[in-house]
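> Quick one: the structure is below, questions incoming.
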Amino acid sequence: MLAEFFDVIKDSRDIFKNTAIMQTEYAKDINSYPTIFLSFADAKGDKDNIVMQMKLQLLKEYKKNEQVLEHIDRFEKPGFDLVMNGMSNLQDGSLHAVVNAISFLMT
């Protein structure tokens with residue numbers, strides 16, 4: 001339910017209409033933040049395969065929030081490009097690109 005409430009790509013006002021949360025200070029935050037959902041349930045096998053599955057999940061979340069990423073400013077763009085370069089190399093079994101991708105999403 002947190003994702004339904006906060007996710008910027010959704011319109012959840014009808015779902016939360018007449019609920020207690022809409023009577024709080026948090027009502028102003030409805031559908032205001034990009035949210036991500038990561039499931040690594042399919043990440044099985046050796047380390048390289050697990051890292052590849054993690055990258056695929058993260059790329060899926062980046063694509064889902066593409067309209068938000070279109071508005072990053074020129075100071076964030078080099079970091080975004082670095083993340084995309086690291087994530088596009090699915091054969092690289094290093095976790096470095098995964099860590100960068102998650103860190104960028106949190107900023």
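Please treat every number below as a calculation from the coordinates, not as lab data. Keep in mind the model is a prediction, meaning the values are calculated, not measured. No Cβ is skipped: glycine too gets one built from the backbone with ideal geometry, and neighbour counts run over all protein chains shown.
> So which aspartates and glutamates pass the test for K28, namely a Cα distance under 16 Å, with those fewer than 8 places away in the same chain ruled out?
E4, D7, D11, D14
> Please report, for the Cα atoms of the chain, the Rg to one decimal and the Dmax as a whole number; what are they, in angstrom?
Rg, Dmax (Cα atoms, Å): 16.5, 49.
> Testing the spin-label approximation: label points 7 Å from Cα along Cα→Cβ at E70 and M22. State their distance in nm.
Between E70 and M22, the simple spin-label model gives 2.9 nm.
> Are there DSSP H segments in the chain that both extend 24 Å or more along their axis (alpha-carbon positions) and score a mean Kyte-Doolittle hydropathy of at least -1.0? List them, or say none.
47-64
> Let me ask something else about it. So how strong a dipole does the chain carry about its Cα centre when Lys and Arg Cβ are +1 and Asp and Glu Cβ are -1, to the nearest 20 debye?
My answer is approximately 80 debye.
> Also: Among the GluC sites (Glu not before Pro) within segment 7-92, which fall in a DSSP loop and have no more than 16 other Cβ atoms within 10 Å of their own Cβ?
Sparse-neighbourhood loop GluC sites (Glu not before Pro): E70, E76.
> With a cut-off of at most 16 other beta carbons within 10 Å, and DSSP calling the residue loop, which chymotrypsin sites (Phe, Trp or Tyr not before Pro) in segment 1-84 qualify? Please list them.
Those that pass, being in a loop and sparsely packed, are F37, F40, F75.
> Calculate the length of the line joining the C-alpha centroid of segment 54-75 to that of segment 83-97, in whole Å.
Cα centroid of segment 54-75 versus Cα centroid of segment 83-97: 15 Å apart.
> With a cut-off of at most 10 other beta carbons within 10 Å, and DSSP calling the residue loop, which trypsin sites (Lys or Arg not before Pro) in segment 6-54 qualify? Please list them.
Of the trypsin sites (Lys or Arg not before Pro), the ones in loops of segment 6-54 whose Cβ has at most 10 other Cβ atoms within 10 Å are K17, K44.
> Report, in listed order, any pair from K17/K60; K17/K63; K10/K63; K17/K55 with a Cα-Cα distance greater than 26 Å.
Over 26 Å Cα-Cα: K17/K60; K17/K63; K17/K55.
> I72: net charge of surrounding residues, Cβ under 12 Å, Lys/Arg +1, Asp/Glu -1, itself excluded?
-3
> Could you tell me the extents of segment 33-81's C-alpha atoms along the three principal axes, largest first, rounded to whole Å?
Result, largest extent first: 39, 21, 12 Å.
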